[in-house]
Number of protein chains: 2
Amino acid sequence: MATNQSQHISQQFEKELQDIRSRVLAMGGVVEKQVSGAMEALVTGDADLARQVISGDEDVNKLDVSIDEECIQILALRQPTASDLRLVTGILKTITDLERIGDEAVRIARMALNLAEKDRPKKNYRELHALGQHVSGMLHNTLDAFARFDVDAALQVAHEDRQVDAEYESIMRQLMTYMMEDPRTISRVIDMMWSARSLERIGDHSRNVSEHIIYLVEGKDVRHLTVEKMEKVVKGGE
Amino acid sequence: MATNQSQHISQQFEKELQDIRSRVLAMGGVVEKQVSGAMEALVTGDADLARQVISGDEDVNKLDVSIDEECIQILALRQPTASDLRLVTGILKTITDLERIGDEAVRIARMALNLAEKDRPKKNYRELHALGQHVSGMLHNTLDAFARFDVDAALQVAHEDRQVDAEYESIMRQLMTYMMEDPRTISRVIDMMWSARSLERIGDHSRNVSEHIIYLVEGKDVRHLTVEKMEKVVKGGE
């Protein structure tokens, strides 16, 4: 193959990889909006917004299918190896987690619809709101880490996930107490519990994405490890 | 390349693909055992069995990591295209869902540990047991469909998932009634709710795997579709 031609192909391939990275970030942006919309609908009791989030899931699904297709195309036509291969397979996994974050946003929006019809508690879902803020921040940091392929930022997300888990456990205990003290709140509190669980799951998926980032940058599979072991594996390679 | 040599390589590649399929089925077998162990622990109050399931998750995770690695190796070294490429990427997705079924089994086992310390209800978790049987059957059928690359059996799983969802909804309503009628049951019923939710999620992941089977056999992405649309897409191609 003439050098010019091969250079041209490699530039085009580079452009394709850039393009797919931007599309993942665009998908991440849509998913972030879905999560914040669902939380706003829940806290303010805005049923219309909740319905928007539910119907908006179609956009997330479409992005999932089309980015997936693009990755398979690249694997078939470009037959990437080494770091390019890791990038493509890492993206395949990343969009699966982003799509599932979208599903959890829909679950929260469904709870928001339920809760919009019920009496609102005095504290107006303050604890859930705080957990939602925390998880949204974590998702945002994950997407930032992806944009910059920043391994340290990805590790930071894993740390945050542990805080989110602790916050979630404490909310669960509190909600359990509410129900026991006033059984009339049961139905509302159960909806709040499902919402808290969805937020906790969004934290887990964000952590998964941060593991994919470490994999695609460093070539190290750090899934199923504690944060301490993750750090050791990553820092040990420096 | 001499014909003999290229034939040799293609036979070896064929063997690798066969090997990876068997390993996915082996992983499926481990995951099935985890789910049935967790359900038995829950229904019988067997805390030791619950602890076994929780520690057994490490095996599932190891299989996930090592099959994943094997898939990436095949992509890098064999650069498969067409149906071979679909097989490898379909397997990558399948093991992600199997691994998450393993996580749900651990969640059920944790609830089993909680429940083992509490008074047992008269009906001894009959409804949960029935849902567990249903979901275990669905997982088994999914793995069978994978073993035979049977698209019709995969479609059948999607149908079953709808029944599982309906059964789950009905259990949830029932559990809610228990709590409201007798608030002293709240703590136990919440654990039962989480277990039911995990079973429902295992149904979802089984359905995901059946979608991956349809993709890798037929080359059609049927995710995010209703069962009716899935069937149309699959049958329309005949």
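The values are calculated or read from the model by the stated rules, or taken from the named source; none is laboratory data. Note that the structure is predicted; figures quoted are calculated from it, not measured. No Cβ is skipped: glycine too gets one built from the backbone with ideal geometry, and neighbour counts run over all protein chains shown.
Per-residue answers, yes or no, for (1) within 23 Å of residue B:109 (Cβ to Cβ); (2) without any contact (Cβ under 8 Å) to a residue 12 or more places away in the chain:
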| position | (1), (2) |
| --- | --- |
| B:171 | yes, no |
| B:178 | yes, yes |
| B:186 | yes, yes |
| B:198 | yes, no |
| B:201 | yes, no |
| B:205 | yes, no |
| B:221 | no, yes |
| B:224 | no, yes |
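In segment A:39-53, the residues that are within 13 Å of residue A:128 (Cβ to Cβ) reach residues that are among the aromatic types (Phe, Trp, Tyr) and surrounded by 16 or more Cβ atoms within 10 Å (Cβ to Cβ) with C-beta atoms within less than 8 angstrom, at least six apart or across chains, in these pairs: A:42/A:125; A:43/A:125. Residue B:142 fulfils the conditions (1) within 30 Å of residue A:85 (Cα to Cα); (2) surrounded by fewer than 19 Cβ atoms within 10 Å (Cβ to Cβ); (3) within 12 Å of the chain's Cα centre (by Cα) except for a single criterion, (2).
Can you go through B:166, B:109 and tell me which one is among the small types (Gly, Ala, Ser), modelled with pLDDT of 95 or more, surrounded by fewer than 16 Cβ atoms within 10 Å (Cβ to Cβ) and in a helix (DSSP H, G or I)? Only one candidate qualifies: B:166.
Residues checked against (1) within 18 Å of the chain's Cα centre (by Cα); (2) over 21 Å from residue A:36 (Cα atoms); (3) at pLDDT 95 or above; (4) not basic (Lys, Arg):
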{"position": "A:131", "(1), (2), (3), (4)": "yes, no, yes, yes"}
{"position": "A:138", "(1), (2), (3), (4)": "yes, no, yes, yes"}
{"position": "A:151", "(1), (2), (3), (4)": "yes, yes, yes, yes"}
{"position": "A:179", "(1), (2), (3), (4)": "no, yes, no, yes"}
{"position": "A:195", "(1), (2), (3), (4)": "yes, no, yes, yes"}
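Just a yes or no: is a residue in segment B:109-118 in contact with a His (Cβ under 6 Å, 6 or more places away or on another chain) and aliphatic (A, V, I, L, M)? Within segment B:109-118 (the criterion being in contact with a His (Cβ under 6 Å, 6 or more places away or on another chain) and aliphatic (A, V, I, L, M)), the answer is no, since none of the residues qualifies.
Modelled with pLDDT of 95 or more and in contact with a Gly (Cβ under 9 Å, 6 or more places away or on another chain): which single residue out of B:205, B:212 fits that description? Checking each option against the conditions leaves just B:212. For segment A:182-190, the count of residues that are in a helix (DSSP H, G or I), acidic (Asp, Glu) and within 12 Å of chain B (Cβ to nearest Cβ) is zero.
The set of residues in segment A:197-219 being over 20 Å from the mean Cα position of the chain (by Cα) and on the phi < 0 side of the Ramachandran plot consists of A:218 alone. In segment A:219-234, the residue that is surrounded by the most Cβ atoms within 10 Å (Cβ to Cβ) out of those that are within 14 Å of chain B (Cβ to nearest Cβ) and in a helix (DSSP H, G or I) is A:230. When segment A:25-60 is examined, which residues are found to be within 14 Å of chain B (Cβ to nearest Cβ), in contact with a helix residue (DSSP H, G or I) (Cβ under 7 Å, 6 or more places away or on another chain) and surrounded by fewer than 16 Cβ atoms within 10 Å (Cβ to Cβ)? Matches in segment A:25-60: A:59 only.
Among the residues of segment B:76-99, are any at positive phi, assigned to a helix (DSSP H, G or I), within 14 Å of another protein chain (Cβ to nearest Cβ) and surrounded by fewer than 16 Cβ atoms within 10 Å (Cβ to Cβ)? The answer is yes; a qualifying residue exists.
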